[in-house]
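Colleague: First, the structure itself, so that you have it in front of you.
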Amino acid sequence: MKIKETLIKLRKFWIENDVPNITDENAKFLQNLISQNKLKNALEIGTANGYSTICLTSVLQKNLGHITSIEFSILSHNQAIANIKEAWLENTCTLIHGQALDIIPTLPDNSFDFVFIDGMKRRSKDFLELSRPKIKKNWIIIIDDVIKFKHKMPSLYEYVQENKIPYEVIQIDSDDGVMMIVKL
Ligand SMILES: C[S@@+](CC[C@H](N)C(=O)[O-])C[C@H]1O[C@@H](n2cnc3c(N)ncnc32)[C@H](O)[C@@H]1O
């Protein structure tokens, strides 16, 4: 199976099983961001079953890019491996099983130009703080669900304000939006 067929299958599974995958609007937003900025080396926190990983990789591969995605549920990690294989994207994705808070510090510094944070909402600030040294100049960080789950992320909003990190909150669809942080 290839990308489109795998995504259709996963979307059906998502609807039937209430998997918290990104929405179509969010997928399009992220894909445009990668495409317009010619981003190549992405880090994702929160793979789940690999739906968003496949959406991002479908564009990254056109830029000859790569994604590293971290997931701590072994069940979800194994589902993601199978789904990425079905989409024929194994060569463009590195899936890591484990606690992102432990794994991010082991990744090389200055190596990513795009980070998508979609793990446990109350740890979004920790994911951001740990990811910052891992990112090159001209990087973009996207943190998902920052409107609907703002109440779970007070430390994230405090952190960006205290560190004077410019950010923008973008409403993506009627459901929710993302925080975008860009360093030029
Ligand atoms: C909202 S879901 C991700 C959805 C996925 N990005 C998509 O759109 O297809 C969040 C995922 O992050 C994982 N997760 C949460 N906190 C984590 C952590 N600290 N380390 C690794 N994975 C984590 C959860 O197990 C869950 O599968």
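The values are calculated or read from the model by the stated rules, or taken from the named source; none is laboratory data. None of these values were measured; they are calculated from a predicted model. So basically every Cβ, Gly included, is an ideal-geometry build from the backbone, and we count neighbours across all protein chains shown. The protein model used for the area step is the full one, side chains on, heavy atoms only, and it has no ligands, DNA or RNA in it. Shrake-Rupley method; radii C 1.70, N 1.55, O 1.52, S 1.80 Å.
Colleague: How about the stretch 34-47: which of its residues are in contact with a strand residue (DSSP E or B) (Cβ under 7 Å, 6 or more places away or on another chain) and either over 28 Å from ILE74 (Cα atoms) or within 16 Å of the ligand (Cβ to nearest atom) (or both)?
Modeller: Of everything in the stretch 34-47, those that are in contact with a strand residue (DSSP E or B) (Cβ under 7 Å, 6 or more places away or on another chain) and either over 28 Å from ILE74 (Cα atoms) or within 16 Å of the ligand (Cβ to nearest atom) (or both) turn out to be ILE34, ASN37, LEU39, ALA42, LEU43, GLU44, ILE45, GLY46, THR47.
Colleague: Would you say ILE22 is in a loop (DSSP other than H, G, I, E, B) and closer than 25 Å to PHE149 by Cβ?
Modeller: Yes; evaluated as a whole, the condition is true for this residue.
Colleague: Just checking, does the stretch 71-84 include any residue being more than 22 Å from LYS137 (Cα to Cα), open to solvent by 10 Å² or more (accessible area, probe 1.4 Å) and aromatic (Phe, Trp, Tyr)?
Modeller: Yes: the stretch 71-84 contains one or more residues that are more than 22 Å from LYS137 (Cα to Cα), open to solvent by 10 Å² or more (accessible area, probe 1.4 Å) and aromatic (Phe, Trp, Tyr).
Colleague: Which of the residues that make up the stretch 12-32 are open to solvent by 20 Å² or more (accessible area, probe 1.4 Å) and closer than 22 Å to PHE112 by Cα? So that I can check it myself, show each step before the final result.
Modeller: Taking the stretch 12-32 as the starting set, the residues that turn out to be open to solvent by 20 Å² or more (accessible area, probe 1.4 Å) are 12-20, 23-25, 28-29, 31-32.
Hits for the stretch 12-32 are LYS28, PHE29, GLN31, ASN32.
Colleague: Out of the stretch 112-168, which residues are small (Gly, Ala, Ser), farther than 19 Å from ASN21 by Cα and either at pLDDT below 95 or open to solvent by less than 20 Å² (accessible area, probe 1.4 Å) (or both)?
Modeller: SER131, the sole residue that qualifies.
Colleague: Filter the stretch 94-121 down to residues that are more than 8 Å from the ligand (Cβ to nearest atom), assigned to a loop (DSSP other than H, G, I, E, B) and either over 17 Å from LYS137 (Cα atoms) or in contact (Cβ under 8 Å) with a residue 60 or more places away in the chain (or both), then give me how many there are.
Modeller: 2
Colleague: Provide a single number: the residues in the stretch 48-67 that are in contact with a Lys or Arg (Cβ under 6 Å, 6 or more places away or on another chain) and either within 12 Å of the ligand (Cβ to nearest atom) or open to solvent by less than 30 Å² (accessible area, probe 1.4 Å) (or both). So that I can check it myself, show each step before the final result.
Modeller: The initial filter retains those residues of the stretch 48-67 that are in contact with a Lys or Arg (Cβ under 6 Å, 6 or more places away or on another chain), namely 63, 65.
This time we only want the ones that are either within 12 Å of the ligand (Cβ to nearest atom) or open to solvent by less than 30 Å² (accessible area, probe 1.4 Å) (or both), so: 65.
Summing the residues that are in contact with a Lys or Arg (Cβ under 6 Å, 6 or more places away or on another chain) and either within 12 Å of the ligand (Cβ to nearest atom) or open to solvent by less than 30 Å² (accessible area, probe 1.4 Å) (or both) in the stretch 48-67 gives 1.
Colleague: Restricting the search to the stretch 85-95, which residues are of a type in the set (Val, Ile, Thr) and either over 15 Å from the mean Cα position of the chain (by Cα) or open to solvent by less than 40 Å² (accessible area, probe 1.4 Å) (or both)?
Modeller: Step one: of the stretch 85-95, the residues of a type in the set (Val, Ile, Thr) are 92, 94.
Answer for the stretch 85-95, where residues must be of a type in the set (Val, Ile, Thr) and either over 15 Å from the mean Cα position of the chain (by Cα) or open to solvent by less than 40 Å² (accessible area, probe 1.4 Å) (or both): just THR92.
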